[in-house]
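Structure record follows, encoded as structure tokens.
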Amino acid sequence: MRLIAYRVGRCEGWDIVPAPKQRAWMNATPGGFANRCLPLTMANHAGWIIRSPAAFIARWNGDPTPGASITFEFADERSASYAESVRSHFGSGIITLSIPYLFRTEPGVALLARGAPNEPKPHCAPLEGLVETDWSPSTFTMNWMITTPHADVEFRVGDPLCFLQPVRAELFESCEPETRDLASDPELHAEYTRWTKSRNAFIADPERGAKWQKDYHTGRIGETQAPQHHRTALKIQPFRDA
């Protein structure tokens, strides 16, 4: 599948790179135990990040009016040169970042533009957008909402501003969700019961210390063997100049 980022402005510093698997806060947990959670680490690097080219602090005075309700303090002259790309356009404490790329995906594939997974930032939250990049000739912006008036919201050079994930929107509409009693699938019910007993016994074991059960990570839970497509890491290709 092809994913093209057409340069439409000053792209210096707006690096697009495969998202990292690790997070600083996860590494800082006792023994780095958060890194044992495979669903977390898989989500961390299932896409690409656009890095911040500038260092700045944003402060919102609580006024929802667009324009001067957010002030920006840039760390240096180089960062200040990106001021036209860092604005308060919508009001309501929303920081708008103009991405200098026009993305193009294959037919039926859209881009989910969001904040980096499991990468919280104090006093603000990323807003997400699903963009039909298979046809639109326009760029899009990345937006962050300040949640605490009068607080300093800091972005550093290299911070992830936007996380890109290709998705097929048709999957949402073609999905036929339903709920069932687990007992209606005797085989799955039995496997779940075995896993529950094993997990509870492991948690209750006073001698387990720093041991790690690893069942899901290794792709085998009791008698259940994961299919060949089970992954513990993703090989995300970097963008290349063409």
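Using a simple spin-label model with pseudo-atoms 7 Å out from Cα toward Cβ, Glu128 and Val8 lie 2.4 nm apart. If R0 equals 35 Å, the separation of the Cβ atoms of Arg180 and Gln22 corresponds to a calculated FRET efficiency of about 0.40.
Exposed loop sites, defined as GluC sites (Glu not before Pro) outside DSSP H, G, I, E and B with at most 15 other Cβ atoms within 10 Å, are absent from the longest region of the chain, namely 13-127.
Counting charges near Trp48 (Lys, Arg +1; Asp, Glu -1) among other residues having Cβ under 12 Å from its Cβ returns a value of +1. By the beta-carbon count within 10 Å of each Cβ, the least crowded to most crowded order of Tyr6, Tyr101, fewest first, is Tyr6, Tyr101.
In order along the stretch 33-46, phi translates into HN-Hα couplings of 4, 4, 6, 6, 7, 4, x, 5, 5, 5, 5, 4, 10, 8 Hz, rounded to whole numbers, per the Karplus curve 6.51 cos²θ - 1.76 cosθ + 1.60 with θ = phi - 60° and x for Gly and Pro. Using a cut-off of 29 Å between Cα atoms, the listed pairs Lys214/Lys235; Lys121/Lys235; Lys21/Lys197; Lys121/Lys197 include Lys21/Lys197; Lys121/Lys197 as exceeding that distance. The orientation-averaged shadow of the Cα convex hull for the stretch 3-169, equal to a quarter of the hull surface, comes to 10.3 nm².
In a reduced charge model with +1 at each Lys and Arg Cβ and -1 at each Asp and Glu Cβ, the stretch 182-225 shows a dipole moment near 220 debye about its Cα centre. Taking K and R as +1 and D and E as -1, what net charge do the other residues with C-beta under 15 Å from the C-beta of Ala242 add up to? Combined, the nearby Lys, Arg, Asp and Glu give +3.
Compared with the dominant principal axis of the Cα atoms in the chain, helix 186-204 is inclined by about 80°. Determine the sum of side-chain charges near Val109: Lys and Arg each +1, Asp and Glu each -1, restricted to other residues whose C-beta is under 15 angstrom from that of Val109. So the environment of Val109 carries a net charge of -2. From the alpha carbon centroid of the stretch 43-80 to that of the stretch 1-27 is 17 Å.
Estimated from the Cβ-Cβ distance and a Förster radius of 22 angstrom, the FRET efficiency linking Ser138 and Phe239 is about 0.65. For Cys162, Cys37, Cys124, Cys175, the sequence from fewest to most other C-beta atoms within 10 Å is Cys175, Cys37, Cys124, Cys162. Work out the charge dipole of the chain with +1 on the Cβ of Lys and Arg and -1 on the Cβ of Asp and Glu about the Cα centre, then indicate which of Pro186, Tyr216, Ala46 is farthest towards its positive end. Final value for the positive-end residue is Tyr216.
Only the coordinates and a few stated rules stand behind these numbers; no lab work does. On a predicted model such as this, the values are computed, not experimentally measured, just so you know. When we count neighbours, we look across all protein chains shown, and the Cβ atoms used for this are built from the backbone with ideal geometry, even at glycine.
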